[in-house]
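Report on the structure given below.
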Amino acid sequence: VGRDLIERAVAGDHDAFVSLAGMAYERLDRLARLILRDEDAAADAVQEALTAAWLHIRAVRDPERFDGWLNRLTVHAAYREARRRRVRLVEIRVPQLDLADARDGVGAVDARDQLDRAFRRLNPQQRAVLVAHHYLELSDFEASALLGVPVGTVKSRLNRATIALRAAIEADDRTPGVATKVPA
Amino acid sequence: MKPRDDLDRRLSAWMNEAPAGSAQTERFQEIVNATARLRPLPQLIAAHGSEWVDAPGRASIARRARVNQRLAIALALGLVVAVAGSMVLWLPGLVGPVSPGSAIPSNTSPSPIPSPSPSRPSLSRPSPSYTFPPLPRVDVTGWIAFTTQVAGLDADSDIYLVRAGEAPHRIAGSDTDAVDEQCPAFSPDGRQLAYGRADGVGEAGHTNAAMVIVDIDQAGAATPVREIPVGDGPVPPCPLWSPDGRWLAFAVADVVPGTDGGLVTTVREVRVVQETSGGEVSFPGPASDFDWSPDSGRLAIATASGIVIETIIDRAPLTLPNTAEVGTISWSPDGRFIAFERGFEATVSHTGGAELLLYDLDAGAEIALNQHFDAFHGIGPVWSPTGERLVYQRLCDRLENGNPCREQHDIVVLSAPDVESWASGAFTEAILPQSFLDGDTRVGLAPFGVSWSPDGQNLLDFAFGGAVAVIPVAGDAAPRLLLQRNDLTGYDRGLPVPIQLWGRQP
């Protein structure tokens, strides 16, 4: 991201901020959707994060950290959004008709759906640590800064999230006729 | 079970293939529009709180990791050296005699770290200008609220409304109800009035204190909206609306005997109430003053230990350094400066001096506007709504007819065209007249309180002796007497609230 744009935004240039926000929007939106698993909630979280970023733009001292800062504001906004829309567990029973055939026919799409269903079973903190590693490709140190927790917590949370995800996939394998929708 | 690396691979692929949201463009435009209406916070406030500190980038993390590694190595080496040194000291017989000084490191005490000191640009005092525009009458629009005391200083006070061309009319209280109603303050949209009430009158003990909110219609009639109870003991609270009109802040204050035999006001707490829901937040006293940030998200409270900036929602207080024992404060409309007075009490004996300063929340430093003046009591700094002017009160320090005018109180108006001019101290100073002619009558203006008109072009001067006058501070309009009553509240209990009198526009 252009250092000049960031410096102009920090100086109060709204057009420069809009350019920066435009460049980051898709990444932040995807980050929020992965954590929240809800398109509207994610859009609200990104709006909150970018509004906070503009209000606090003068807190940016190092342009090199700007992207990481936006990521962090978005993760925290996603946590808040998750708390606001907290935990309405809705189980949707899917008729178990020709399941084996359907699974065979869908192939890769089905595998993605299974991953999606399993991912929804995790809590937002577990999703966030997996997103930090697998989407943002951050190291433990960087994930620590993003999530605002110690490195040791990142490691243990990542381990638990991976175990939980694996268990959710295995459970999904065992009961393929039940889809669980958990808007967090 | 699938192998771990396969799950990792599938997860990465799935996350990067996740479809984009369908309504991104509209939502992004909403963000652009919303942020265009907002002004970034000053640097000091923007950076307060861990969430707002910019996260370390990859390079700095790598640097930190290297530094940590070096620190670990240095610590390990230091430990080895220390252990070895201890053995040398404890077991001198094993290594022979130690000559004085040879095993003892040279003085390695660190250099003193200079403590940060606030920068105070030293300003030459601007020359006072005594010229004021000549005299056609100003148009005064909208209702103005004020308090009267019907029979002297310790008598029943009531709330009145007045506007140009009409006689005042009472909207709260009666001559005989033995209830004090005080401190009227119009909401920012001018449609509601908040004021304090309590059973009992004057300096006597009050009971059943409450904050009252009423609707004011175009004809100046009041309709009750809600009462917020404050309890027994406190004086009627003085409300301060947040700029967005969503919150009301007020001090819960008691009048108690002071050490000199007089009465002093002590603030138990500063309470903030959400106008719509009645939800409350409380900040502990004592406090000498408070004011809202322009974005209505923060309240600056002058406490004995400093000016504390409290956030209303997440409660993350920030204390501004070197601001202990501040008297009155006022937050500039652009959010960058907090104007404050310090040293007020020291001037009672004429031995000390007060100073008027700005705290620059971008630079984290003080700017002196007046480093020495005398003041017994009166008006602390009050920003005009446009931020181009700052008004305060001080004792006259010049000679008039060859004599000092020490007992004369001046209302001083400082003006600067923009933020940077305030930051660099490039402001001008004017002093309001002590009196003016209204027709054939000379009207005295010994200052008690002031309030800015919503456009920042006029000051409402609420004077001892009962005059309420409109004083233009720009253009060529003339001062105008709006009201002259000898029963207007004229006694300053030191309640911490800026004067807010100017109300509903037609």
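At-a-glance table
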| item | result |
| --- | --- |
| Output for the stretch B:268-314, where each listed residue is of a type in the set (D, E, K, R) and within 16 Å of residue B:254 (Cα to Cα) | B:268, B:269, B:271, B:289 |
| Residue list for the stretch A:11-30, restricted to those being surrounded by 18 or more Cβ atoms within 10 Å (Cβ to Cβ), of a type outside the set (Phe, Trp, Tyr) and over 19 Å from residue B:46 (Cα atoms) | A:24, A:28, A:29, A:30 |
| Test: residue B:219 is of a type in the set (Gly, Ala, Ser), surrounded by fewer than 13 Cβ atoms within 10 Å (Cβ to Cβ) and over 15 Å from residue B:187 (Cβ atoms) | yes |
| Cβ-Cβ under 8 Å pairs, at least 6 apart or on other chains, the stretch A:51-72 side on the phi < 0 side of the Ramachandran plot, far side of a type in the set (Ser, Thr, Tyr) | A:51/B:35; A:54/B:35; A:62/B:60; A:64/B:60; A:65/B:60 |
| Residue count for the stretch A:3-40, restricted to those that are among the acidic types (Asp, Glu) and over 28 Å from residue B:15 (Cα atoms) | 4 |
| Lone qualifier among B:449, B:439 - being surrounded by fewer than 18 Cβ atoms within 10 Å (Cβ to Cβ) and modelled with pLDDT of 75 or more | B:439 |
| Qualifying positions in the stretch A:31-46 - within 16 Å of residue A:69 (Cα to Cα) and either surrounded by fewer than 20 Cβ atoms within 10 Å (Cβ to Cβ) or more than 10 Å from every other protein chain (Cβ to nearest Cβ) (or both) | A:45 |
| Count of the stretch B:277-322 residues which are modelled with pLDDT of 85 or more and basic (Lys, Arg) | 1 |
| Every residue from the stretch A:78-137 that is at pLDDT below 85 and within 13 Å of chain B (Cβ to nearest Cβ) | A:108, A:109, A:110, A:111, A:112, A:113, A:114 |
| Residue among B:476, B:461 that is acidic (Asp, Glu), in contact (Cβ under 8 Å) with a residue 12 or more places away in the chain and touching a Ser or Thr at 6+ places or on another chain (Cβ under 9 Å) | B:461 |
| Lone qualifier among B:201, B:212 - being under 16 Å from residue B:240 (Cα atoms) and hydrophobic (A, V, I, L, M, F, W, C) | B:212 |
| Enumeration of residues in the stretch B:1-52 that are at pLDDT below 80, among the aliphatic types (A, V, I, L, M) and over 21 Å from residue A:72 (Cβ atoms) | B:1, B:20, B:23 |
| Failed item, numbered, when residue A:28 is tested on (1) at pLDDT below 90; (2) more than 7 Å from chain B (Cβ to nearest Cβ); (3) under 30 Å from residue A:172 (Cβ atoms) | (1) |
| Test: residue in the stretch B:246-258 that is touching a residue at least 12 places away in the same chain (Cβ under 8 Å) and loosely packed, with under 15 Cβ neighbours inside 10 Å | no |
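Residue-wise test of (1) more than 13 Å from residue B:196 (Cβ to Cβ); (2) at pLDDT below 90; (3) within 18 Å of the chain's Cα centre (by Cα).
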residue: B:228; (1), (2), (3): no, no, no
residue: B:232; (1), (2), (3): yes, yes, no
residue: B:236; (1), (2), (3): no, yes, no
residue: B:244; (1), (2), (3): yes, yes, yes
residue: B:248; (1), (2), (3): no, no, yes
residue: B:256; (1), (2), (3): yes, yes, no
residue: B:262; (1), (2), (3): yes, yes, no
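Here is a yes/no grid of residues against (1) outside any loop (DSSP other than H, G, I, E, B); (2) over 21 Å from the mean Cα position of the chain (by Cα):
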| position | (1), (2) |
| --- | --- |
| B:394 | yes, no |
| B:412 | yes, no |
| B:426 | no, yes |
| B:429 | yes, yes |
| B:456 | no, no |
| B:459 | yes, no |
| B:471 | yes, yes |
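The values are calculated or read from the model by the stated rules, or taken from the named source; none is laboratory data. Note that the structure is predicted; figures quoted are calculated from it, not measured. As a convention, Cβ positions derive from the backbone with ideal geometry for all residues, glycine included, and neighbour counts pool all protein chains shown.
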